[in-house]
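Working notes for the structure below.
The values are calculated or read from the model by the stated rules, or taken from the named source; none is laboratory data. Just so you know, these numbers come straight off a predicted model, no measurement behind them. For neighbour counting, all protein chains shown are included, and Cβ atoms are generated from backbone atoms with ideal geometry for every residue, glycine included. Each accessible area value is taken on the protein alone, full model and side chains, heavy atoms only, with ligands, DNA and RNA left out. Shrake-Rupley method; radii C 1.70, N 1.55, O 1.52, S 1.80 Å.
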Amino acid sequence: MATFSSKITTIERHTLQQQQFRAGARGVLTQLLNDVATAAKIINREVRRAGLTDILGDEGSVNATGDEVKKLDVYADKAIYRVMDHTGRVCVMASEEVEDIISIPEEFASEDAPYVLMFDPLDGSSNIDANASIGTIFSIHRRVSTGKHGTKEDCLQAGHKQVAAGYVIYGSSTVMVYTTGHGVHGFTLDPTLGEFLLSAEDMRIPTAGSIYSVNERDTHSWTPELQEYVAWLKQEDPASRRPRTGRYIGSMIADVHRTLIKGGIFMYPGTVKKPSGKLRLLYEVAPLAWVVEQAGGKAILADGSSVLAVQPTELHQRTPVFMGSPADVDECAAFLTGSH
Ligand code: P6P
């Protein structure tokens with residue numbers, strides 16, 4: 001469990017303190033993380049007003065990955081772009097809402113821009129009108145290209161190469177969670193101050209949980225191994241914490257955040273029709289998987305390998321994922337790999 005902080009620490013101060021762990025750091029990543037926090041405050045304001053202004057409902061278009069675009073999606077996507085495009089900190093961006101890579105405007109582009117930012121501006125958007133928790137997910141890599149403009153290769157890096165990742169959940173409170181590879185830290189937005197204040201330093205996922213989270217709509221098209229695993233979870237056996245409780249909100253941010261806090265396992269598996277599942281690797285699964293791993297959890301593919309080892313080939317490629325408490329993910333892997 002996290003050590004809930006009594007001292008008042010803003011995310012600005014915390015990211016600056018974390019900089020000491022990064023040899024040779026010049027403060028650019030610190031500034032970039034605070035840019036993310038700024039974008040989150042802007043998005044939060046609209047999310048909180050969504051019920052009051054004519055911003056609910058569909059924007060009428062379909063995004064790069066075929067999802068119906070809600071107006072808040074579009075607003076959030078533009079908010080992040082407008083915070084980031086002129087800072088000289090990122091050489092290229094990628095968004096769930098945009099088909100191709102997002103180039104930096106010519107007047108702001110620079111070969112000295114060291115980072116790459118990829119994001120899902122508002123994950124869980126199908127829940128917006130139902131007022132369920134939604135969120136922003138972000139992933140930051142160091143660039144690999146050298147020109148004035150970043151390239152798709154800068155985006156197509158394996159998850160284990162991330163230099164920072166995290167999310168913002170717009171729930172009963174607005175919480176920003178991030179890691180730079182030195183633990184996972186949570187900040188709660190004080191709307192009266194407009195500051196994210198440290199609320200959970202060094203978050204640790206419970207080693208074992210009693211909750212499993214998966215959409216059982218697809219049970220009939222799972223592999224037999226996964227069908228056997230989920231059936232096993234529901235059998236009565238107090239000695240192994242069974243039956244487990246099912247919880248599925250249908251917003252990845254909310255399901256993963258609950259898993260991080262309470263333990264258990266979140267799954268979005270592949271099916272016969274969609275072997276790669278639904279969730280996107282670069283800006284949904286890889287950042288959340290790193291956060292879970294940094295908090296002491298695991299995030300794997302059906303063969304038991306780490307999802308952070310996957311070498312991306314496409315910007316919006318999808319991947320199955322099984323992530324959560326180490327004991328729960330190990331149980332799942334034993335079934336999926338036939339060693340149970
Ligand atoms: P399903 C939301 O649209 C999302 O991308 C994730 O946030 C969520 O985990 C998933 O889709 C839910 O998908 O198929 O269970 O409705």
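Of note:
- Of all residues in segment 301-324, those satisfying the criterion of being more than 16 Å from the ligand (Cβ to nearest atom), open to solvent by 10 Å² or more (accessible area, probe 1.4 Å), in contact with a helix residue (DSSP H, G or I) (Cβ under 9 Å, 6 or more places away or on another chain) and not in a helix (DSSP H, G or I) are 301, 302, 303, 304, 306, 310, 314.
- Flag for residue 234 being basic (Lys, Arg), more than 23 Å from residue 36 (Cβ to Cβ) and exposed (fewer than 15 other Cβ atoms within 10 Å of the Cβ): yes
- Residues located in segment 78-107, provided they are surrounded by 15 or more Cβ atoms within 10 Å (Cβ to Cβ), over 19 Å from residue 34 (Cα atoms) and without any contact (Cβ under 8 Å) to a residue 40 or more places away in the chain: 97, 98, 102
- For segment 237-248, the candidate set comprises residues that are over 16 Å from residue 205 (Cβ atoms) and in contact (Cβ under 8 Å) with a residue 12 or more places away in the chain; within that set, the residue that is most open to solvent (accessible area, probe 1.4 Å) is 248.
- Given (1) in a loop (DSSP other than H, G, I, E, B); (2) open to solvent by 10 Å² or more (accessible area, probe 1.4 Å); (3) of a type in the set (A, V, I, L, M, F, W, C), number of the condition residue 113 does not satisfy: (2)
- If you go through segment 18-54 and keep only what is modelled with pLDDT of 90 or more, out of contact with any strand residue (DSSP E or B) (no Cβ under 7 Å at 6 or more places or on another chain) and either polar (S, T, N, Q) or on the phi > 0 side of the Ramachandran plot (or both), you end up with 30, 31, 34, 38.
- Test: residue in segment 249-266 that is open to solvent by 10 Å² or more (accessible area, probe 1.4 Å) and more than 19 Å from residue 186 (Cα to Cα): yes
- Evaluation of residue 145 against (1) touching a residue at least 60 places away in the same chain (Cβ under 8 Å); (2) in contact with a helix residue (DSSP H, G or I) (Cβ under 6 Å, 6 or more places away or on another chain); (3) of a type in the set (Gly, Ala, Ser) (one fails), failing number: (1)
- Counting only helices (runs of 4 or more DSSP H) that sit wholly inside segment 198-300, those with at least 1 residues that are within 13 Å of the ligand (Cβ to nearest atom) are 252-262, 286-294.
- Only one entry in 202, 154 is open to solvent by less than 10 Å² (accessible area, probe 1.4 Å), of a type in the set (Asp, Glu), more than 30 Å from residue 272 (Cβ to Cβ) and over 15 Å from the mean Cα position of the chain (by Cα), namely 154.
- Failed condition for residue 137, given (1) away from the ligand (no atom under 12 Å from the Cβ); (2) hydrophobic (A, V, I, L, M, F, W, C); (3) modelled with pLDDT of 95 or more; (4) surrounded by 20 or more Cβ atoms within 10 Å (Cβ to Cβ): (1)
- Subset of segment 211-231 [open to solvent by 20 Å² or more (accessible area, probe 1.4 Å), within 20 Å of residue 260 (Cα to Cα) and either of a type in the set (A, V, I, L, M, F, W, C) or in contact with a strand residue (DSSP E or B) (Cβ under 6 Å, 6 or more places away or on another chain) (or both)]: 211
- On inspection, residue 270 fails the criterion of being at positive phi, open to solvent by less than 40 Å² (accessible area, probe 1.4 Å) and modelled with pLDDT of 95 or more.
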